[in-house]
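Peer 1: Below is a structure I'd like to ask you about.
The values are calculated or read from the model by the stated rules, or taken from the named source; none is laboratory data. Values in this document were obtained by computation on a predicted structure and should not be read as measured data. Cβ: placed from backbone, ideal geometry, glycine included. Neighbour counts: every protein chain shown.
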Amino acid sequence: MTNGLYEQIEADVLVLGGGGAAIRAAIAAKENGANVIVVCKGVVGRSGATPMACPSYQAAIAHQDPRDNAAIAFDDTVEEGRYLGDEDLILALTQESSERARDMERYGLKYEMAGGHWFQVQHPGHSYARNLVIRGCGYAMNAALKRQSKKLSIPLYEDCMATRFLLDGNRVTGVVAVGMRDHKFYVFRGKAVILATGGYPELWEFTDTSRDLTGDGVTMAYRAGADLVDMEMMLYYPTCLKWPPEVEGTLVQHEGLINPNYIGAPLLNGLGEQIIPPGLPPVRDELMKIMIKEILAGRGTPNGGVYIAIPRSPKSKEEIFALLKKLDSLPYHNMTDLEVDVTQQYLEVAPGTHFTLGGVRINDRAETNLVGLFAAGEVSGNCHGANRTSGNALAETQVFGKRAGDNAVQFAREHGFGRLDTAAAAAEIQWLQGLLDRSSGQYRPNEIKKQIQHVMHEHMGYQRDAAGMQAGLAALRQIQYELLPHMYVNPTSHFDYEWMEAIEVEMMVELAQVVIRSGLTREETRGHHWRTDFPQSRAEWCQHVRTRRGPEGEVEISTAPVRRAGIQVKTKSERL
Amino acid sequence: MSDAPAPVRVEVVRSNDQGEPYTQTYEVPYETRMNVLSMLHYIYENQDPSLAFRVCQCSRGICDSCQMKLDDKKIKACSVLVKPGQQLKLSPSNSRVVRDLVTVQD
């Protein structure tokens with residue numbers, strides 16, 4: 001159905017996103033007999049975080065090490081999350097991840113094998129060798145899921161950016177979206193809606209992620225009245241390239257490079273001194289802090305990082321390249337595409353934003369507090385807590401993607417379509433069109449985006465304190481009220497990336513303030529929230545910081561207890 | 001007398017509002033190491049906001065979102081280094097052109 005303003009498209013289940021969680025949810029919903037449509041900001045399988053994900057997938061199935069099991073994986077995940085993750089979600093994650101890995105095998109995905117069974121590696125934070133190694137990394141995983149969705153004839157609306165939820169009271173009934181290929185407006189309507197649009201690492205300047213991860217879905221949910229939790233929790237991946245400049249930010253997988261069981265390259269400061277003892281590298285938040293301390297003490301490398309010194313590995317050149325091939329630790333064909341020989345040259349790396357720990361709050365049915373809105377994957381905020389171990393992100397997409405798909409179908413069966421707020425849809429479209437028509441002004445969206453990213457790097461970066469965060473809020477408010485009104489967009493007939501950046505920026509400036517407000521509230525250091533003014537974890541802060549949009553647009557802050565599963569958790573040191 | 005690296009000359013096969021191809025040439029200063037994709041980002045940010053191309057996604061050289069043709073040969077723009085003084089011709093990766101270097105991909 002098309003009126004002059006938009007085309008309206010309806011389905012039982014509407015899925016927003018295109019990565020691991022979104023497509024798994026769509027598959028689950030379709031397999032349950034619903035009709036499903038997927039709306040993705042970019043090309044499915046070539047956008048978001050899943051295609052760039054490292055090959056690790058947590059599956060405690062004890063193929064490699066018979067001592068392992070899901071209960072131990074549960075304990076490890078709770079402990080490594082610094083006791084902030086909701087344990088009902090962690091239980092689901094650790095119990096169902098192996099089965100979901102088998103599903104993907106059925107879709108044609110391949111894992112590294114060893115002696116006829118799944119090859120598994122031990123990464124920091126895991127008690128035993130537990131992570132599957134996906135052949136072809138996250139790219140292959142997203143591709144396998146996309147192939148399966150095509151087998152099931154699920155329509156994919158690609159290059160289609162959703163901008164606002166439509167509501168019927170506190171029920172989500174659909175979204176307004178703009179198709180970038182032709183600048184056409186859409187209203188997508190679902191009896192149930194699944195949000196799987198990923199996180200917001202692009203709010204910061206130095207990041208290893210896809211440029212489209214500006215957190216649009218989180219902001220949309222927030223504006224619709226969803227509860228967000230622990231928004232200050234952004235996982236820094238310790239080793240992102242500081243050189244060469246054309247690929248600044250690109251992730252290199254230290255788990256394979258530094259670990260003495262694999263390549264065993266030492267981690268050195270700018271003076272050539274080893275900064276971590278030989279052995280299994282520390283977990284991500286600990287490693288990040290060690291590196292940042294070196295850099296801030298003036299012992300960094302010329303481009304502001306530390307060295308991964310592969311030339312100093314005890315392995316031979318042949319062994320190194322064989323391991324690199326098996327573990328997929330380096331990009332661009334082990335840097336050879338960029339004419340860098342890693343066996344001759346040190347890599348300079350520094351921590352970058354990588355994975356969003358906080359986000360939309362869900363229960364173990366993947367339900368949010370908004371009726372009819374489900375959320376799965378990185379967009380959700382209460383599974384991993386304050387730190388995440390390698391392999392749990394991809395596992396999360398599959399476990400909660402399926403749960404969201406199954407439960408969304410049940411909801412769709414029990415409810416018809418909600419009332420469509422056509423006035424709100426028209427208002428949103430008028431606003432979007434007005435943005436494209438703003439052909440004169442002072443600031444390009446890209447300039448404003450860079451300013452927001454710089455504010456977050458400076459004021460909500462590796463180390464945080466109250467004065468810095470307050471200054472960050474002030475800077476963001478200035479951007480919002482003094483720069484944004486003077487933003488202009490160079491109009492083109494279709495695929496106007498500058499228009500997309502304008503829409504992103506308008507959302508980013510609000511989301512960034514929610515992140516800082518949440519960070520100011522948590523007066524402790526826990527995992528990736530590192531406060532120099534509150535350097536210890538505090539028992540009274542072992543709880544969620546919840547943020548919700550108030551009636552005047554203000555950030556309403558409250559706390560919520562962590563949901564416990566009633567299981568006595570054994571820490572790794574207790575186990576040994 | 002400066003011995004700065006020579007600028008790069010890029011000829012891009014673009015498309016107008018009717019979808020008809022035309023070429024536009026850019027001269028890009030060689031200020032820092034570049035790959036084809038980071039060079040396009042430079043042009044968009046500093047010279048021509050209307051230039052359409054798919055921005056960097058996977059940052060690893062695998063997703064092929066940045067697919068296009070360099071001198072009529074298909075490449076991943078992020079995986080090809082640009083050298084000082086180089087002359088390049090960039091064109092869309094296939095015939096399903098959305099605009100400029102953006103195509104509909106499988």
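Peer 1: When the residues of region A:168-178 are filtered to those that are in contact with an Asp or Glu (Cβ under 9 Å, 6 or more places away or on another chain) and crowded, with 22+ Cβ neighbours inside 10 Å, which remaining residue is farthest from A:Glu10 (Cα to Cα)? Please lay out each step first, then the result.
Peer 2: Taking region A:168-178 and keeping what is in contact with an Asp or Glu (Cβ under 9 Å, 6 or more places away or on another chain), we get A:168, A:173-174, A:176.
Among the residues that remain, those that are also crowded, with 22+ Cβ neighbours inside 10 Å are: A:173-174, A:176.
Values: A:Thr173: 10, A:Gly174: 9, A:Val176: 12 Å.
Among those that are in contact with an Asp or Glu (Cβ under 9 Å, 6 or more places away or on another chain) and crowded, with 22+ Cβ neighbours inside 10 Å, it is A:Val176.
Peer 1: Something else: Quick check on B:Ala4: is it more than 13 Å from chain A (Cβ to nearest Cβ) and of a type in the set (Gly, Ala, Ser)?
Peer 2: On the way: more than 13 Å from chain A (Cβ to nearest Cβ): yes; of a type in the set (Gly, Ala, Ser): yes.
When the stated conditions are applied, B:Ala4 passes them.
Peer 1: Of all residues in region B:14-35, how many are touching an Asp or Glu at 6+ places or on another chain (Cβ under 9 Å) and within 24 Å of A:Val43 (Cα to Cα)?
Peer 2: Here is the first cut: in region B:14-35, the ones touching an Asp or Glu at 6+ places or on another chain (Cβ under 9 Å) are B:14-15, B:23-26, B:32-35.
Restricting the remaining residues to those that are within 24 Å of A:Val43 (Cα to Cα) gives B:14-15, B:35.
Residues that pass the stated criteria total 3.
Peer 1: Let me ask something else. Are any of the residues in region A:314-335 surrounded by fewer than 19 Cβ atoms within 10 Å (Cβ to Cβ), over 18 Å from A:Glu255 (Cβ atoms), touching a residue at least 12 places away in the same chain (Cβ under 8 Å) and of a type outside the set (Gly, Ala, Ser)?
Peer 2: Scanning region A:314-335 turns up at least one residue that is surrounded by fewer than 19 Cβ atoms within 10 Å (Cβ to Cβ), over 18 Å from A:Glu255 (Cβ atoms), touching a residue at least 12 places away in the same chain (Cβ under 8 Å) and of a type outside the set (Gly, Ala, Ser).
Peer 1: Output the residue which, of all residues in region A:112-135 that are in contact with a Gly (Cβ under 8 Å, 6 or more places away or on another chain) and in a loop (DSSP other than H, G, I, E, B), is nearest to A:Leu280 (Cα to Cα).
Peer 2: If we take residues in region A:112-135 being in contact with a Gly (Cβ under 8 Å, 6 or more places away or on another chain) and in a loop (DSSP other than H, G, I, E, B), then A:His123 is nearest to A:Leu280 (Cα to Cα).
Peer 1: Given the conditions (1) polar (S, T, N, Q); (2) closer than 25 Å to A:Gly418 by Cβ; (3) crowded, with 24+ Cβ neighbours inside 10 Å, and given that A:Gln120 satisfies all but one, which numbered condition is not satisfied?
Peer 2: Of everything listed in (1) polar (S, T, N, Q); (2) closer than 25 Å to A:Gly418 by Cβ; (3) crowded, with 24+ Cβ neighbours inside 10 Å, A:Gln120 misses just condition (2).
Peer 1: Please work out which one of (1) in a strand (DSSP E or B); (2) out of contact with any Lys or Arg (no Cβ under 8 Å at 6 or more places or on another chain); (3) of a type in the set (S, T, N, Q) is the condition A:Thr547 fails and give its number.
Peer 2: Every condition holds for A:Thr547 apart from (2).
Peer 1: OK, next. Kindly evaluate A:Ser380 against the criterion of being within 14 Å of chain B (Cβ to nearest Cβ) and not charged (D, E, K, R). Walk me through how you get there before you give the answer.
Peer 2: On the way: within 14 Å of chain B (Cβ to nearest Cβ): no; not charged (D, E, K, R): yes.
No, not satisfied.
Peer 1: Now for a different question. What do you reckon, is A:Asn142 of a type in the set (S, T, N, Q) and closer than 27 Å to A:Ala395 by Cα? Step through it out loud before you land on a result.
Peer 2: Values: of a type in the set (S, T, N, Q): yes; closer than 27 Å to A:Ala395 by Cα: yes.
It is true that A:Asn142 is of a type in the set (S, T, N, Q) and closer than 27 Å to A:Ala395 by Cα.
Peer 1: Please enumerate the residues belonging to region A:289-307 that are buried (at least 16 other Cβ atoms within 10 Å of the Cβ), within 20 Å of A:Thr250 (Cα to Cα) and more than 25 Å from the chain's Cα centre (by Cα).
Peer 2: A:Ile295, A:Gly300, A:Thr301, A:Tyr307
Peer 1: Follow-up. Just one of the numbered conditions (1) away from every other protein chain (no Cβ under 14 Å); (2) surrounded by 18 or more Cβ atoms within 10 Å (Cβ to Cβ); (3) out of contact with any strand residue (DSSP E or B) (no Cβ under 6 Å at 6 or more places or on another chain) is not true of A:Glu501; which one?
Peer 2: (1)
Peer 1: Could we say that A:Gly249 is over 19 Å from A:Asp341 (Cβ atoms) and either in a loop (DSSP other than H, G, I, E, B) or modelled with pLDDT under 95 (or both) here?
Peer 2: Numbers: over 19 Å from A:Asp341 (Cβ atoms): yes; either in a loop (DSSP other than H, G, I, E, B) or modelled with pLDDT under 95 (or both): yes.
Against the criterion (over 19 Å from A:Asp341 (Cβ atoms) and either in a loop (DSSP other than H, G, I, E, B) or modelled with pLDDT under 95 (or both)), A:Gly249 qualifies.
Peer 1: Among the listed residues A:Leu203, A:Leu156, identify the single one that is in contact with a strand residue (DSSP E or B) (Cβ under 8 Å, 6 or more places away or on another chain) and crowded, with 24+ Cβ neighbours inside 10 Å.
Peer 2: Going through A:Leu203, A:Leu156 in turn, the sole match is A:Leu203.
Peer 1: If you go through region A:170-205 one residue at a time, how many are farther than 20 Å from A:Ala34 by Cα and within 25 Å of the chain's Cα centre (by Cα)? So that I can check it myself, show each step before the final result.
Peer 2: Quick first cut of region A:170-205, residues farther than 20 Å from A:Ala34 by Cα only: A:170, A:176-186, A:197-205.
Now narrow it down to the ones that are within 25 Å of the chain's Cα centre (by Cα): A:176-180, A:197-205.
Final tally of qualifying residues: 14.
Peer 1: Please work out which residue is nearest to A:Ala22 (Cα to Cα), limiting yourself to region A:124-136 and to residues that are touching a helix residue (DSSP H, G or I) at 6+ places or on another chain (Cβ under 9 Å) and surrounded by fewer than 24 Cβ atoms within 10 Å (Cβ to Cβ).
Peer 2: A:Gly136
Peer 1: I'd like to know if region B:88-98 contains one or more residues that are surrounded by 15 or more Cβ atoms within 10 Å (Cβ to Cβ) and assigned to a loop (DSSP other than H, G, I, E, B). Even if it seems obvious, please write down each step before you answer.
Peer 2: Taking region B:88-98 as the starting set, the residues that turn out to be surrounded by 15 or more Cβ atoms within 10 Å (Cβ to Cβ) are B:88-93, B:97-98.
Cutting the leftovers down to assigned to a loop (DSSP other than H, G, I, E, B) gives us B:92-93.
Yes: one or more hits.
Peer 1: Of the residues in region A:488-539, how many are over 20 Å from A:Leu357 (Cβ atoms), acidic (Asp, Glu) and either not assigned by TED's automatic domain parsing to the domain that holds A:Met460 or not in a loop (DSSP other than H, G, I, E, B) (or both)?
Peer 2: Result for region A:488-539: 4.
Peer 1: Taking region A:461-498 only, how many residues are acidic (Asp, Glu), in contact with a strand residue (DSSP E or B) (Cβ under 9 Å, 6 or more places away or on another chain) and more than 30 Å from A:Arg522 (Cβ to Cβ)? Quick ask: steps written out before the conclusion?
Peer 2: Residues of region A:461-498 that are acidic (Asp, Glu), as a first pass: A:465, A:482, A:496, A:498.
Adding the requirement that they be in contact with a strand residue (DSSP E or B) (Cβ under 9 Å, 6 or more places away or on another chain) leaves A:465, A:496.
With more than 30 Å from A:Arg522 (Cβ to Cβ) added as a condition, the list becomes A:496.
Residues meeting the conditions: 1.
Peer 1: Output the residues belonging to region B:7-38 that are within 13 Å of chain A (Cβ to nearest Cβ) and either out of contact with any helix residue (DSSP H, G or I) (no Cβ under 8 Å at 6 or more places or on another chain) or surrounded by fewer than 17 Cβ atoms within 10 Å (Cβ to Cβ) (or both). So that I can check it myself, show each step before the final result.
Peer 2: Within region B:7-38, the subset within 13 Å of chain A (Cβ to nearest Cβ) is B:8, B:14-20, B:28, B:30-38.
B:Arg14, B:Ser15, B:Asn16, B:Asp17, B:Gln18, B:Gly19, B:Glu20, B:Tyr30, B:Glu31, B:Thr32, listed by residue number.
Peer 1: May I pose another question? Restricting to region B:54-71, and then to whatever is surrounded by 24 or more Cβ atoms within 10 Å (Cβ to Cβ) and within 15 Å of B:Val12 (Cβ to Cβ), can you tell me which residue is farthest from the other protein chains (Cβ to nearest Cβ)?
Peer 2: Among those residues, the one meeting the criterion is B:Met68.
Peer 1: Quick check on A:Val489: is it more than 30 Å from A:Pro238 (Cβ to Cβ), β-branched (Val, Ile, Thr), crowded, with 19+ Cβ neighbours inside 10 Å and modelled with pLDDT of 95 or more?
Peer 2: Values: more than 30 Å from A:Pro238 (Cβ to Cβ): yes; β-branched (Val, Ile, Thr): yes; crowded, with 19+ Cβ neighbours inside 10 Å: yes; modelled with pLDDT of 95 or more: yes.
When the stated conditions are applied, A:Val489 passes them.
Peer 1: Need the failing condition index for A:Ile362 against (1) assigned to a loop (DSSP other than H, G, I, E, B); (2) under 18 Å from the mean Cα position of the chain (by Cα); (3) over 17 Å from A:Arg171 (Cα atoms), just the number.
Peer 2: (3)
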